Amino acid sequence: MRHIAIIGSGPAGYYTAEAAQKQWGDDVRVDVFDMLPVPYGLIRTGVAPDHQSIKGVSKRYEKTALTENVRFVGNIKVGEHISIPELQQLYDAIVIATGAPHDRKLGIEGEDLGNVFGSAAFVGWYNGHPQFAQLDPDLSGKHAVVIGMGNVALDVARILSKTEAEFAGADIVAHALDILRNNKLRKITILGRRGPHQIMMTPKELGELAALERASPRVAPDDLPDEAEDAFLEPGLRKSVAHLRSFAAIPEDIHAEKPIEIEIDFFASPCSLSGSDGKVTHLKVERTDVQAGRAVGTGEFYDVPADLVVSCIGYHTAHIPDVPFDERAGRFANDDGRILPGIYCVGWARRGPSGTIGTNRPDGFSIVEKIAEDMAAGVLGRSDKQGREGFDLMAEQRGLDVITFRDWKKIEEAEEQAAREGAPREKFVDIKAMIRARR
Ligand code: NAP
């Protein structure tokens, strides 16, 4: 019997569990740890609440979770309740699948002003992550600035623009819907330091901006490169740029029908934030020129009104004691997933915050292949570890309150019962409430 501990129950964690099952069948036991009492990581707290079809992938993880040889070990924080050296004593291999939960900093003056948030916090707030449930952003101002030209920036701009009716069928949490319902925003500027050919936005997500009930996307035609140059782009980006071209062609009378403008401002690099009474009011920006793919400042500065700022510029992984970390890259120090003998990483914890949910599947399968290779090469040492039995004993001795998958199903049921009409669930946003719900 081989024993594997996976830390993190998001896509990377469950795809690795699935791969381990396929690799070793009945000869493996996999424990999937999560610090929260609820599984699925970014599927629950990262994927936009109005993108329910994407969240449907959790059914696949549930299939894995319900098998005999995989179990969910929720409400356990590795590094606090149990250390990495202790896990090493119990399991043949440890796979870290903790994603990248911390916001990258802009590193500009004024970043600590009120109503300036990173996307991990802001997305976590509207998605009911317990850590960010109290964020309480002020949406009473007219102007929001969303920094970054990736899909997270699109998620944030779209969520800020939607009417209550457009959230039908979404699992946006009640505290966020209450604030968004009274949203007074009139202009959302999505700011990118480079140009239309350098965006990270995918076509489907970008196209959604044109279908919003009360918001209209605006692109300055002069920002667009010569159309002939689009032919050199890879097909996905070419489609996204085609959306930008269609936004640039929206006539003024159509813009006028919608009260919120989503301005997509290119060649604009954030320089500093200023405010009054501790709260942000403006973002100073420098115009850029893209040279050999890099944004270069032109020395021309201007101010953008900003009553709310959400910086969507990427994430970094959280440290775990005793695990080597690459500070520059913001993830675990690893060689293609191998950190130390018997310790591996997958998903965003391995490669940083890139790719789609599906990208994590080959990642999970590839790390399991490496574990199998290392086992065969004798790198993982003795094969008489206690695995889950040893963990259970330790948990009992320490009085740890482990949440099982069966407990989660009860929490899930309570969330489904609490759903407002048309919504799939109303998430618990408080850890104690989640734990109580299992009873
Ligand atoms: P991303 O795709 O890497 O985009 C980050 C953006 O931030 C880029 O436009 C980048 O510009 C900009 N940026 C970085 N540092 C900056 C700075 N200091 N100042 C100004 N701009 C800066 O990251 P993301 O949007 O957080 O998404 C993370 C991953 O999740 C991506 O793989 C994304 O596709 C995925 N995701 C997918 C979906 C979906 O499929 N529906 C939804 C959400 C997220 P430069 O290019 O100039 O560096």
Mean Cβ neighbour count within 10 Å, used as a protection proxy, ranking 428-434, 177-183, 298-304 highest first: 428-434, 177-183, 298-304
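Which value, in debye to the nearest 20, describes the size of the charge dipole of the stretch 103-315 about its Cα centre when Lys and Arg Cβ atoms bear +1, Asp and Glu Cβ atoms bear -1, and nothing else is charged? Spell out each step's value before the answer.
Numbers: 22 positive and 33 negative charges, 49 e Å.
So the magnitude is around 240 debye.
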Rounded, prolate or oblate (a/c below 1.5 giving rounded, otherwise prolate when a/b exceeds b/c) for the stretch 126-176 by Cα gyration tensor: rounded
For ILE96, distant residues with modelled amide H under 5 Å away: ILE7, TYR344, CYS345, VAL346
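Go through LYS258/LYS427; LYS55/LYS427; LYS59/LYS370 and tell me which ones have a Cα-Cα distance over 24 Å in this structure. Present the calculation step by step, with values, prior to reporting the outcome.
Numbers: LYS258/LYS427 32 Å; LYS55/LYS427 14 Å; LYS59/LYS370 27 Å.
With Cα atoms farther than 24 Å apart: LYS258/LYS427; LYS59/LYS370.
To the nearest 20 debye, what is the magnitude of the charge dipole of the chain about its Cα centre, counting +1 on the Cβ of each Lys and Arg and -1 on the Cβ of each Asp and Glu? Don't jump to the answer; show the numbers that get you there.
Working: 53 positive and 66 negative charges, 155 e Å.
Charge dipole of the chain: 740 debye, to the nearest 20.
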Percent RCO, i.e. relative contact order, over the stretch 103-315, from Cα pairs under 8 Å lying at least 6 residues apart: 32 percent
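I want the antiparallel fraction of DSSP beta bridges within the stretch 103-315, as a percent rounded to 5.
Numbers: 18 of 42 bridges.
Counting DSSP beta bridges with both partners in the stretch 103-315, the antiparallel share is about 45 percent.
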The chain: relative contact order in percent, alpha carbon pairs under 8 Å with at least 6 residues between: 23 percent
Burial order of peptide ranges 10-22, 118-130, 261-273 (average beta-carbon count within 10 Å, highest first): 10-22, 118-130, 261-273
Fewest-first sequence of GLU80, GLU164 by Cβ atoms within 10 Å of each Cβ: GLU80, GLU164
The stretch 143-159 and the stretch 233-289: distance between their alpha carbon centers, rounded to Å: 9 Å
Neighbour net charge for PRO203 - beta-carbon separation under 14 angstrom, K R +1, D E -1: 0
DSSP-loop trypsin sites (Lys or Arg not before Pro) across the stretch 266-338, with at most 12 other Cβ within 10 angstrom: ARG328
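For every other residue with a beta carbon closer than 15 angstrom to the beta carbon of HIS143, add +1 if it is Lys or Arg and -1 if Asp or Glu, then tell me the sum. Kindly include the intermediate steps, with their values, before the conclusion.
Values: positive: LYS142, LYS184, ARG186, LYS187, ARG218, LYS279, LYS284; negative: ASP138, GLU261, GLU263, ASP265, ASP303, ASP307.
Net local charge, HIS143 excluded: +1.
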The stretch 404-439 versus the stretch 50-71: alpha-carbon centroid distance in Å: 16 Å
Fraction of beta bridges assigned by DSSP in the chain that are antiparallel (%, nearest 5): 35 percent
Cα gyration tensor shape of the stretch 346-393, rounded if a/c is under 1.5, else prolate or oblate by comparing a/b with b/c: oblate
Between 0 and 90°, nearest 10: helix 11-24 axis offset from the chain longest Cα axis: 30 degrees
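Please report the net charge: other residues with Cβ closer than 11 Å to the Cβ of TRP348, K and R +1, D and E -1.
Details: positive: ARG331, ARG350, ARG351; negative: ASP363.
Net charge in that neighbourhood comes out at +2.
Determine, for each peptide in 220-232, 26-38, 398-410, 306-318, the mean count of other beta carbons within 10 angstrom over its residues, then list the peptides with the highest first.
Details: 220-232: 11.2, 26-38: 22.0, 398-410: 15.7, 306-318: 24.1.
The densest-packed peptide leads the list: 306-318, 26-38, 398-410, 220-232.
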Dimensions (Å) - the stretch 103-315, Cα atoms, principal axes, largest first: 48, 38, 32
Dipole of the chain [Lys/Arg +1, Asp/Glu -1 at C-beta], most positive-end residue of ILE313, VAL38, SER274: VAL38
Span per principal axis, largest first, for the Cα atoms of the chain (Å): 71, 49, 40
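Classify the stretch 238-296 as rounded, prolate or oblate from the Cα gyration tensor: take a ≥ b ≥ c as the square roots of its eigenvalues, call it rounded if a/c is under 1.5, otherwise prolate when a/b beats b/c and oblate if not.
Details: a/c = 3.47, a/b = 1.21, b/c = 2.88.
It is oblate, given that a/c is not under 1.5 and a/b is not larger than b/c.
Rule-based calculations on the coordinates, nothing more; no lab input. Here the structure is a predicted model, which is why all the values come from computation and not from measurement. Heads up, the Cβs are rebuilt from the backbone with ideal geometry, glycines too, and the neighbour counts pull from every protein chain shown.
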